[in-house]
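We did not get these values from a lab; they are worked out from the coordinates using the rules stated. Given the structure is predicted, the values throughout are model-derived calculations rather than measurements. No Cβ is skipped: glycine too gets one built from the backbone with ideal geometry, and neighbour counts run over all protein chains shown.
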């Protein structure tokens, strides 16, 4: 099986989680981090998910799953301890073209939740296609120990500098090479940062052609 790695924008999109025990908690947290609109359906609910519902972070229906619960959903997570229910959710999702993840049941998944290392907007996602979540978690731990803690702030500064370069120079090979060079240097926020000076010097030696006046 070949998986397509992708980062989805879930802001405001409806995500339905069937089940509200410990299996569901981490999935719900991940969906909330991505700013999805999360609905949880389950007759029994963990304390953590109860607290999320009380805080208005998720919509909670305390009842068993029933056909039609996925109406309007972009994706769903089947996280009950009953395989028959999880597979019924997958069946409805397939029929209605809703992406589905049945927790700990790889054949009934359209996608997997990767192990993720985060530094601000930088995300490194690790997947084993459901073969060994434990290995993915171990790799995440290893990467988390290796990546600098301030990498997120560094990325923010690099992003600001990239916008300055893009605004100052036309799209060409020279600009592409400069952006790759800047990504290997220590970018910093203050105005006299060496990388910012490099970017300005490059703009001076590679000025944009003036537009002809009408």
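Odds and ends about this structure:
- Boolean, residue 89 is more than 18 Å from residue 110 (Cα to Cα), in contact (Cβ under 8 Å) with a residue 12 or more places away in the chain, surrounded by 14 or more Cβ atoms within 10 Å (Cβ to Cβ) and in contact with a strand residue (DSSP E or B) (Cβ under 6 Å, 6 or more places away or on another chain): no
- When we screen 70, 60 for residues that are touching a helix residue (DSSP H, G or I) at 6+ places or on another chain (Cβ under 6 Å) and farther than 27 Å from residue 125 by Cβ, the only hit is 60.
- Filter result (assigned to a strand (DSSP E or B), in contact with a strand residue (DSSP E or B) (Cβ under 6 Å, 6 or more places away or on another chain) and either touching a residue at least 24 places away in the same chain (Cβ under 8 Å) or over 20 Å from residue 79 (Cα atoms) (or both)) within the stretch 106-122: 115, 116, 117
- Scanning the stretch 17-35 for residues that are buried (at least 17 other Cβ atoms within 10 Å of the Cβ) and either touching a strand residue (DSSP E or B) at 6+ places or on another chain (Cβ under 7 Å) or under 20 Å from residue 92 (Cα atoms) (or both) gives 17, 18, 19, 20, 24, 27, 28, 31.
- Flag for residue 91 being in a helix (DSSP H, G or I) and over 20 Å from the mean Cα position of the chain (by Cα): yes
- From the options 45, 103, 38, 58, residue that is in contact with a strand residue (DSSP E or B) (Cβ under 8 Å, 6 or more places away or on another chain), buried (at least 17 other Cβ atoms within 10 Å of the Cβ) and in contact (Cβ under 8 Å) with a residue 60 or more places away in the chain: 103
- Verdict on residue 15 being over 18 Å from residue 84 (Cα atoms) and touching a helix residue (DSSP H, G or I) at 6+ places or on another chain (Cβ under 8 Å): yes
- Of all residues assigned to the stretch 123-144, at least one qualifies as being out of contact with any strand residue (DSSP E or B) (no Cβ under 7 Å at 6 or more places or on another chain), free of Cβ contacts under 8 Å to residues at least 60 places away in the same chain and either surrounded by 15 or more Cβ atoms within 10 Å (Cβ to Cβ) or part of a strand (DSSP E or B) (or both).
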